[in-house]
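For reference, the structure discussed in these notes is given below.
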Amino acid sequence: MYDVLDSRSVLEVLRPVEDPELRKSLVELNMIRNVKIDGGKVSFTLVLTTPACPLREFIVEDCQKAVKKLPGVTDVSIEVTAETPQQKSLPDASGGLNQRTGISGVKNIIAVSSGKGGVGKSTVAVNVAVALAQTGAKVGLLDADIYGPNDPTMLGLADAQITVRSSETGDILEPAFNHGVKLVSMGFLIDRDQPVIWRGPMLNGVIRQFLYQVQWGELDYLIVDMPPGTGDAQLTLTQAVPMAGAVIVTTPQNVALLDSRKGLRMFQQMNVPVLGIVENMSYFIPPDQPDKQYDIFGSGGGSKTAAELGVPLLGCVPLEISTRVGGDSGVPIVVGDPDSASAKALTAIALTIAGKVSVAALT
């Protein structure tokens with residue numbers, strides 16, 4: 001038992017408290033800072049590894065319980081902040097020394113991908129980005145689907161224009177901004193009905209421009225909404241930048257799962273960590289019968305595939321009309337209907353992704 005209430009005794013009593021995901025002491029991780037004593041009042045700063053920490057309240061509660069055990073403590077005040085760690089460098093695609101070039105100011109790059117189109121990959125990418133921004137994280141969204149750029153519409157920026165300014169190193173693009181997220185997309189650079197008819201080298205060039213010639217500023221997370229498949233865009237991204245990981249989106253039916261497995265293996269082959277699988281459109285919830293659900297596309301496919309491939313199932317997102325309405329109107333469901341089952345699932349997925357990224361960066 002400590003006879004004197006001082007900063008040393010506070011740190012010692014907090015030493016056994018661990019970050020639940022990192023399994024390490026908060027004190028040893030330097031997450032407890034600025035300890036102050038004023039009579040029986042104790043205050044300090046808790047620095048989390050991400051603003052989107054899914055276990056924030058549990059950590060705060062554990063800290064309060066630990067400090068209140070000290071004699072003479074009458075009040076515990078905890079200021080919670082976050083410092084998102086920089087993703088570690090990764091080996092290059094061939095397994096050799098790292099040849100990828102990071103983006104200045106961007107801490108973690110996360111790809112949201114799928115093996116086939118139509119599984120709701122952009123819906124997941126947009127809502128995950130917005131959900132992370134709602135926690136206070138600095139978030140960017142790169143729409144890498146050059147042939148079918150839908151993110152401006154889904155983020156409420158269909159009529160936005162981005163500024164292109166000249167510099168000594170070439171043109172610099174200023175991203176558009178809405179719902180707390182910075183966005184760059186081919187949709188800002190072409191007319192609405194204009195098709196993009198390009199071969200691989202041109203696609204490679206514009207993706208690199210979106211990575212390195214955009215004024216992203218300081219970002220905790222850059223979410224990259226990939227086109228379907230395992231083609232030029234995926235190859236360019238995985239070879240160009242060090243990535244915190246990839247999220248694979250699928251639906252429960254077999255044809256989607258077969259393609260998602262190929263997409264997942266592609267990232268693994270390129271030495272990019274796979275954070276897990278999101279099963280979208282898991283079941284349909286009728287708007288007039290919210291207590292019922294129908295497995296339109298089958299059930300259990302995502303969890304079975306995740307188990308077979310040895311990766312986590314990050315979550316299952318139901319099919320709701322309000323999700324489609326939100327995407328069409330530019331108000332993502334995590335903003336427009338945050339209490340819906342879909343919004344809750346997508347928010348939980350975003351927090352899980354953030355937690356996994358922090359663990360990977362600090363271990």
Can you give me the angle between helix 121-134 and the longest principal axis of the chain, using Cα atoms only, in degrees from 0 to 90, rounded to the nearest 10? 30
For the range 269-285, what does the Karplus curve 6.51 cos²θ - 1.76 cosθ + 1.60, with θ = phi - 60°, yield as ³J(HN,Hα) per residue in whole Hz, taken in order and with x for Gly and Pro? 5, 8, 6, 10, x, 9, 6, x, 10, 10, 8, 9, 6, 4, 7, 9, 10
With DSSP loop assignment and no more than 10 other C-beta atoms within 10 Å, the trypsin sites (Lys or Arg not before Pro) in the range 191-243 are ARG192, ARG199
³J(HN,Hα) across the range 343-359 via Karplus (A = 6.51, B = -1.76, C = 1.60, θ = phi - 60°), whole Hz, x for Gly/Pro? 4, 5, 5, 5, 5, 4, 5, 4, 5, 5, 4, 4, x, 5, 5, 5, 4
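Which of LYS116/LYS182; LYS36/LYS69; LYS116/LYS262; LYS36/LYS65 have a Cα-Cα distance over 21 Å? Working shown, then result.
Values: LYS116/LYS182 26 Å; LYS36/LYS69 17 Å; LYS116/LYS262 10 Å; LYS36/LYS65 17 Å.
Those over the limit are LYS116/LYS182.
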Non-local residues with an amide H under 5 Å from the amide H of ALA176, with H modelled 1.01 Å from N and Pro and chain starts lacking one, are LEU183
Averaged over every viewing direction, what's the projected area of the C-alpha convex hull for the range 225-328? Give it in nm², one decimal, please. 7.3
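Quick check on the range 7-82: what does the Kirkwood estimate of hydrodynamic radius come out to from the alpha carbon pairs, in Å? Could the numbers behind the result be given before it?
Numbers: mean 1/r = 0.0814 Å⁻¹.
Result for the range 7-82, one decimal place: 12.3 Å.
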Give a quick list of trypsin sites (Lys or Arg not before Pro) in the range 1-71 that DSSP marks as loop, anything other than H, G, I, E or B, with at most 11 other Cβ atoms within 10 Å. ARG23, LYS69
Taking a cut-off of 15 Å between Cα atoms, list the aspartates and glutamates near LYS68, but don't count ones fewer than 8 places away on the same chain. ASP3, ASP6, GLU12, ASP38
Give me P(r) over the range 109-362, computed from all C-alpha to C-alpha distances, binned every 5 Å, as integer percentages. 1, 6, 14, 19, 21, 17, 12, 6, 2, 1, 0, 0
For LEU219, which sequence-distant residues (separation of 5 or more, or a different chain) have an amide H within less than 5 Å of its own amide H, given hydrogens modelled in the peptide plane? VAL106, LYS107
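A short reminder: the numbers here are calculations on the coordinates, not readings from a lab. Predicted, not measured: the structure shown is a model, and the values here were computed from it. Neighbour counts are summed over all protein chains in view; Cβ atoms, including those assigned to glycine, are modelled from backbone coordinates with ideal geometry.
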